[in-house]
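Below are the structure tokens for one structure; questions will follow.
The values are calculated or read from the model by the stated rules, or taken from the named source; none is laboratory data. The model shown is predicted, which means the values in this text are computed figures rather than measured ones. Counting neighbours? That spans all protein chains shown, and the Cβs are built from the backbone with ideal geometry, glycine included.
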Amino acid sequence: MSNAVGMFLKQVVLRRGMPFDVTLPASHPLDISMLTEDEFHAELEKGHSDIEKGNIRPAG
């Protein structure tokens, strides 16, 4: 583990920055017309499960 951290830090110094791109994946909203009925229901179940677990945030 310490060797991996050392190699990473050496690359940071050599490249004067992160040795890889730091980006977030592009967010693509779901197009319900492209989902099968089973996929659509699975997405609804995911949302319902998140609500039950309290994994929510205000829209505003």
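Find the residue count for the stretch 22-54, including only residues that are out of contact with any helix residue (DSSP H, G or I) (no Cβ under 8 Å at 6 or more places or on another chain) and assigned to a loop (DSSP other than H, G, I, E, B).
The qualifying residues number 11.
Any idea how many residues of the stretch 28-60 are surrounded by 11 or more Cβ atoms within 10 Å (Cβ to Cβ) and touching an Asp or Glu at 6+ places or on another chain (Cβ under 9 Å)?
1
Exactly one condition in (1) surrounded by 11 or more Cβ atoms within 10 Å (Cβ to Cβ); (2) in a helix (DSSP H, G or I) is not met by PRO19; state its number.
(2)
Output the number of the condition that PRO19 fails; it satisfies all remaining conditions of (1) in contact (Cβ under 8 Å) with a residue 12 or more places away in the chain; (2) in contact with a helix residue (DSSP H, G or I) (Cβ under 6 Å, 6 or more places away or on another chain); (3) of a type outside the set (Lys, Arg).
Going through (1) in contact (Cβ under 8 Å) with a residue 12 or more places away in the chain; (2) in contact with a helix residue (DSSP H, G or I) (Cβ under 6 Å, 6 or more places away or on another chain); (3) of a type outside the set (Lys, Arg) one by one, PRO19 breaks only (1).
Here's another thing I want to ask about it. Could you tell me how many of the residues in the stretch 1-16 are part of a helix (DSSP H, G or I) and either modelled with pLDDT under 85 or of a type in the set (A, V, I, L, M) (or both)?
To start, the set of residues in the stretch 1-16 that are part of a helix (DSSP H, G or I) comprises 2-15.
Of the ones still in play, those that are also either modelled with pLDDT under 85 or of a type in the set (A, V, I, L, M) (or both) are 4-5, 7, 9, 12-14.
Adding up the residues that qualify gives 7.
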